[in-house]
1. Any idea how many residues of region 119-141 are assigned to a loop (DSSP other than H, G, I, E, B) and either in contact with a strand residue (DSSP E or B) (Cβ under 7 Å, 6 or more places away or on another chain) or surrounded by 11 or more Cβ atoms within 10 Å (Cβ to Cβ) (or both)?
2. Condition test on residue 183, is it basic (Lys, Arg) and crowded, with 21+ Cβ neighbours inside 10 Å?
3. Name the residues in region 115-148 that are over 15 Å from the mean Cα position of the chain (by Cα) and among the aromatic types (Phe, Trp, Tyr), would you?
4. Being surrounded by 12 or more Cβ atoms within 10 Å (Cβ to Cβ) and not aliphatic (A, V, I, L, M) is the filter; apply it to region 25-39 and report the residue that is modelled with the lowest pLDDT.
5. Considering each residue of region 142-157, count those that are of a type in the set (Gly, Ala, Ser) and open to solvent by 10 Å² or more (accessible area, probe 1.4 Å), and give that number.
6. Which count do you get for residues in region 158-168 that are in contact with a helix residue (DSSP H, G or I) (Cβ under 7 Å, 6 or more places away or on another chain) and surrounded by 13 or more Cβ atoms within 10 Å (Cβ to Cβ)?
Amino acid sequence: MSGLAGTFVPRPDFGSRHQTVIPAPVDAVWAAWQEMEQAGGEGWGSVVRALFAVRRQLGRLKRGGGGLPEEDLRDSFLLLAEDPPQETVRGIVGQWWTMGAADGRPDVTGLREFLAFDEPGYAKATFSMRFTADAATGGTRVVTETRVLCLDEAARRAMGRYWRLIEPFSGLVRRMMLSRLRKRAVA
């Protein structure tokens with residue numbers, strides 16, 4: 001089930017899905033998600049912020065301690081598509097396996113650039129959230145999906161090594177995010 005995300009990364013090299021059913025109507029869950037998005041780092045919870053901080057620190061160590069300004073990875077994701085209150089898709093282009101040690105990041109600032117980007121050595125990823133009424137429970141089924149497309153074989157090999165390392169933590173972040181969304185939506 002890829003929904004709109006399949007438009008941008010139809011055949012991912014790597015991916016993960018996590019889902020939950022929240023005992024609240026779709027509109028209420030969508031509104032809670034929008035609140036989390038607006039709250040930025042504060043909306044994600046302390047453990048998620050700590051995991052992103054560890055990643056930033058590893059990147060600093062790999063770069064020899066200096067370099068790039070701190071940034072919220074979440075802010076790097078471009079809004080690619082949105083169908084309120086059913087689905088939202090964000091995308092990013094990068095070389096995450098370098099932990100920030102690569103020279104610069106491609107200048108992909110919009111939908112057209114994301115779709116057209118095809119530079120070897122990089123990958124494109126989407127992060128989507130889908131919200132559908134769950135007839136069995138009367139609640140909302142929320143599915144988060146990450147899809148990664150590598151743009152050449154070298155990037156695929158490097159991403160594969162990185163994915164094996166990061167995927168358990170990425171899954172933890174997604175499960176925690178869904179738990180936090182549940183609490184916010186039913187409050």
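The values are calculated or read from the model by the stated rules, or taken from the named source; none is laboratory data. These figures come from a predicted structure and were not determined experimentally. As a convention, Cβ positions derive from the backbone with ideal geometry for all residues, glycine included, and neighbour counts pool all protein chains shown. Protein only, heavy atoms only, side chains kept; ligands, DNA and RNA dropped before computing areas. Shrake-Rupley method; radii C 1.70, N 1.55, O 1.52, S 1.80 Å.
1. Taking region 119-141 first, the residues assigned to a loop (DSSP other than H, G, I, E, B) are 119-122, 135-138.
Next, only the ones that are either in contact with a strand residue (DSSP E or B) (Cβ under 7 Å, 6 or more places away or on another chain) or surrounded by 11 or more Cβ atoms within 10 Å (Cβ to Cβ) (or both) stay: 119, 121-122, 137-138.
Within region 119-141, residues that are assigned to a loop (DSSP other than H, G, I, E, B) and either in contact with a strand residue (DSSP E or B) (Cβ under 7 Å, 6 or more places away or on another chain) or surrounded by 11 or more Cβ atoms within 10 Å (Cβ to Cβ) (or both) number 5.
2. Numbers: basic (Lys, Arg): yes; crowded, with 21+ Cβ neighbours inside 10 Å: no.
No: the conditions fail for residue 183.
3. Pass one, region 115-148, residues over 15 Å from the mean Cα position of the chain (by Cα): 115-122, 131-141.
Those that are over 15 Å from the mean Cα position of the chain (by Cα) and among the aromatic types (Phe, Trp, Tyr): 117, 122, 131.
4. Our first condition is that a residue be surrounded by 12 or more Cβ atoms within 10 Å (Cβ to Cβ); within region 25-39, this holds for 25-37.
Now restrict to residues that are not aliphatic (A, V, I, L, M): 25, 27, 30, 33-35, 37.
Values: 25: 97, 27: 97, 30: 97, 33: 95, 34: 94, 35: 92, 37: 86.
Looking at residues that are surrounded by 12 or more Cβ atoms within 10 Å (Cβ to Cβ) and not aliphatic (A, V, I, L, M), I get 37.
5. Count: 1.
6. So the first thing to find is which residues in region 158-168 are in contact with a helix residue (DSSP H, G or I) (Cβ under 7 Å, 6 or more places away or on another chain), and the list is 158-159, 161-162.
Filter once more, so that each one left must be surrounded by 13 or more Cβ atoms within 10 Å (Cβ to Cβ): 158-159, 162.
Selection size over region 158-168: 3.
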